[in-house]
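Worksheet: one structure, shown below.
The values are calculated or read from the model by the stated rules, or taken from the named source; none is laboratory data. Note that the structure is a prediction, hence the values are computed from the model and not measured. Backbone-built Cβ (ideal geometry, glycine too); neighbour counts: all protein chains shown.
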Amino acid sequence: MRKHYPMNRIQEIFLFLLATSLFQACGEEKQKNETRTSFRYNQHNPITSLDPAFARTQNNIWAVDCLFNGLVQLDDQLLVQPCLAKSWSISPDGLTYRFLLRQDVFFHDDPAFVPDGKGRKMVASDVVYSFERLLDETWPKPGSWIFKGRVAKDSAFTAENDSIFVLRLSSPFQPMLQILTMQYASIVPHEVCSYWGREFRRHPVGTGPFRFKVWVENQALVLLKNERYFEKDSSGAPLPYLDAIRVSFITDRKTAFLEFKKGRLDYFFGLESAYIHELLTQDGTIQPNLADEIQFTKNPYLNTEYLGIKMSEFAHNGASITPLQFKKVRQALNYGLDRAQMLRVLRNQVGKPADAGFAPRGLPSYAPHEVQGYTYRPEKAAALLAEVGFPKGKNLPVITLLCNNEYLDICTFITRQWEDLGIQVRIELQETALLRERMRNGQAPFFRASWIADYPDAESFLTCFYSKNGTPPNYTQFKNPLYDQYYEAALAETDQSKRFKLYRQMDQILIEEAPVVFLFYDETAQFSRRNISGLPGNAINLLSLKKVRKSN
């Protein structure tokens, strides 16, 4: 492996300025009637790696998606579509996946490709290498979990020839195709990974619509159009449309928002109380004074916000530990919350009430007409409290809710509503890292949390309550034999309609047992300049830029 020495700060800044000048100079090579287009957005959290094996955060995922491809990809309806694989088949027993690869895909150029640095064609052995690299225990990677315990112990990944790749599982796992759409499963070239070693994080080479130019950590990232990209649009025109992507890393959201308002950014995402009312009206539309310059879109986001209850806390020699041990109290908490008002007052209608279980709106299996969840029924909540011996909250001990500062406004709103029922809840603020640690260690009896899908299948949510799972993801330590039976049956069920029915039955158990207070299903909030079109509208909040256009 080649030895590399870290750049000093002056060298980094020099490279960034060089990249910027190169980007501008390239425009001279174009026809006079052509205009170069650069898409500019900000990430308030830094990118930590451009290696897809480390694409565990949104910041990394968005950049990695521009640079790399996987065998398959998701469309905006979260349906699995071909990408590097033209087609695939799955054996009747659900154990063997056979992929037929495209033959017109090339890696980006890099000095590791000898003799001339020209990117070579991608073949099936690259898929084998990429997946085995994830499982390399000498260098642990966050993405290894997608295969650990799921693939066969022998011959899990094989290349029959340059165009056929075979994946073998140890037991059926129906969401495997969805998992393969994750950026962790991107395909990388072995010689480039060997050449750069762990510095591959700063020298990424993939097959994606954009190629790497320069990255000055915590300052800026520049990507340029891949002129040899293989995908085309529906009319046969080559993708991507953009010539470049520029990412800044302004950590303060308010400052980034001001840059967007000044027109120095093309795209802005997310909401905070510091500026939400400057952007949106109370009913969730763009403020009239901004409507001519800015467009706003929101889509379902596979994120469920909830309050978790540690269920294993309730049985210690028959002693009463907390009022949350009573199912009817937990149900009363759910009936006693006006989720619609909470979203209207605090989030300007961004989000939907979680009234159909834990698996959120936006999933293919989501069916609110079949899953009967909680709505705001304070009279029902009061009746439940009376039935369990706490009429109007009388003799009900104070309950402590752990919350981080970011969600203090939501938790305050909730607890004030519960006060009307006689339920006293004390909020205990925790640093986010400490709260997560307490959840992992089982030291959080009642806590605010959220769960974001790793892949677009309800199993990614319902795994949070499978009793054989530890913490994470089963932070509530929920245990229900019938739930476990349905969960295990769903993993092996090849009939989609039957699997979806099992998912809904699991959700109905969660609603009945109430190990959580269901809050809301999140939505993405995307803002862009009026000259931007083609932004994706998917529920996994992936900023895919290969079909985005920017006009003058």
message: Which of the numbered conditions does V350 fail, given that it passes all the others? Conditions: (1) closer than 30 Å to Y275 by Cα; (2) assigned to a loop (DSSP other than H, G, I, E, B); (3) at pLDDT 95 or above; (4) not hydroxyl-bearing (S, T, Y).
response: (3)
task: Give the residue that is farthest from F268 (Cα to Cα), with candidates limited to residues of region 202-234 that are free of Cβ contacts under 8 Å to residues at least 24 places away in the same chain and outside any loop (DSSP other than H, G, I, E, B).
output: K232
Filter result (touching a residue at least 60 places away in the same chain (Cβ under 8 Å) and of a type in the set (V, I, T)) within region 497-511: I511
- line: Those residues of region 425-436 that are loosely packed, with under 14 Cβ neighbours inside 10 Å and within 21 Å of the chain's Cα centre (by Cα) come to a total of 2
- request: Give the residues of region 401-418 that are closer than 25 Å to K380 by Cβ and either not assigned by TED's automatic domain parsing to the domain that holds Q443 or not aliphatic (A, V, I, L, M) (or both), sorted by residue number.
  value: C411, T412, F413, T415, R416, Q417, W418
task: For residues that are touching a residue at least 24 places away in the same chain (Cβ under 8 Å), surrounded by 16 or more Cβ atoms within 10 Å (Cβ to Cβ) and not in a helix (DSSP H, G or I), scanning just region 125-151, find the one that is nearest to the chain's Cα centre (by Cα).
output: K141
message: Need pairs with beta-carbon distance below 7 Å; first residue within 12 Å of P204 (Cα to Cα) and within region 172-192, second assigned to a loop (DSSP other than H, G, I, E, B) and of a type in the set (D, E, K, R); sequence gap 6+ or separate chains.
response: V192/D110
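Among the residues in region 478-492, are any of a type in the set (A, V, I, L, M), over 29 Å from Q174 (Cβ atoms) and in contact (Cβ under 8 Å) with a residue 60 or more places away in the chain? Break it down into steps so the answer makes sense when it comes.
Step one: list which residues in region 478-492 are of a type in the set (A, V, I, L, M), which gives 482, 489-492.
Imposing the further condition that a residue be over 29 Å from Q174 (Cβ atoms) reduces the set to none.
Within region 478-492, not a single residue is of a type in the set (A, V, I, L, M), over 29 Å from Q174 (Cβ atoms) and in contact (Cβ under 8 Å) with a residue 60 or more places away in the chain.
For region 395-408, indicate whether the set of residues that are without any contact (Cβ under 8 Å) to a residue 12 or more places away in the chain, over 30 Å from Y503 (Cα atoms) and assigned to a loop (DSSP other than H, G, I, E, B) is non-empty. Working first, answer last.
Of the residues in region 395-408, the ones without any contact (Cβ under 8 Å) to a residue 12 or more places away in the chain are 395.
From what is left, the residues that are over 30 Å from Y503 (Cα atoms) are 395.
Now restrict to residues that are assigned to a loop (DSSP other than H, G, I, E, B): 395.
Yes, there is a match, as at least one residue in region 395-408 is without any contact (Cβ under 8 Å) to a residue 12 or more places away in the chain, over 30 Å from Y503 (Cα atoms) and assigned to a loop (DSSP other than H, G, I, E, B).
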task: Select from region 510-542 the residues that are within 15 Å of P300 (Cα to Cα) and of a type in the set (G, A, S) and list them in ascending order.
output: A525, G537, A539
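Tally the residues that are in contact (Cβ under 8 Å) with a residue 40 or more places away in the chain, outside any loop (DSSP other than H, G, I, E, B) and more than 24 Å from the chain's Cα centre (by Cα), restricting the search to region 251-272. Step through it out loud before you land on a result.
Step one: list which residues in region 251-272 are in contact (Cβ under 8 Å) with a residue 40 or more places away in the chain, which gives 251-253, 256, 259-260, 263-271.
Of the ones still in play, those that are also outside any loop (DSSP other than H, G, I, E, B) are 253, 256, 259-260, 267-269.
Next, only the ones that are more than 24 Å from the chain's Cα centre (by Cα) stay: 259.
The total comes to 1.
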The one condition in (1) modelled with pLDDT of 95 or more; (2) within 24 Å of the chain's Cα centre (by Cα); (3) among the hydrophobic types (A, V, I, L, M, F, W, C) that F173 fails to fulfil: (1)
statement: When every residue in region 88-120 that is within 30 Å of the chain's Cα centre (by Cα) and among the basic types (K, R) is compared, the one surrounded by the most Cβ atoms within 10 Å (Cβ to Cβ) is R102
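What residue, among those in region 204-238 that are of a type in the set (S, T, Y) and within 15 Å of C83 (Cβ to Cβ), is nearest to the chain's Cα centre (by Cα)?
Taking region 204-238 first, the residues of a type in the set (S, T, Y) are 207, 229, 234-235.
Now narrow it down to the ones that are within 15 Å of C83 (Cβ to Cβ): 207, 229.
Numbers: T207: 22, Y229: 25 Å.
Selected residue: T207.
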task: Determine whether F107 is in contact with a Pro (Cβ under 6 Å, 6 or more places away or on another chain) and in contact (Cβ under 8 Å) with a residue 24 or more places away in the chain.
output: yes
- prompt: Restricting attention to region 86-98, which residues are in a strand (DSSP E or B) and either closer than 24 Å to K153 by Cβ or at pLDDT below 95 (or both)?
  reply: W88, S89, I90, T96, Y97, R98
- request: Restrict the check to region 235-250 and report whether at least one residue is more than 24 Å from I410 (Cα to Cα), part of a loop (DSSP other than H, G, I, E, B), assigned by TED's automatic domain parsing to the domain that holds D104 and among the charged types (D, E, K, R).
  value: yes
- prompt: All but one of (1) β-branched (V, I, T); (2) out of contact with any Cys (no Cβ under 8 Å at 6 or more places or on another chain); (3) at pLDDT 95 or above hold for V72; which doesn't?
  reply: (2)
message: For the structure I just gave you, tell me whether G70 is in contact with a Phe, Trp or Tyr (Cβ under 7 Å, 6 or more places away or on another chain), surrounded by 20 or more Cβ atoms within 10 Å (Cβ to Cβ) and assigned to a loop (DSSP other than H, G, I, E, B).
response: no
message: Would you confirm whether or not region 57-77 contains a residue that is over 24 Å from P240 (Cα atoms), touching a residue at least 24 places away in the same chain (Cβ under 8 Å) and either outside the structural domain of I452 (by TED's automatic domain parsing) or touching an Asp or Glu at 6+ places or on another chain (Cβ under 7 Å) (or both)?
response: no
- prompt: Does region 273-289 contain at least one residue that is in a loop (DSSP other than H, G, I, E, B), at pLDDT 95 or above and within 25 Å of the chain's Cα centre (by Cα)?
  reply: no
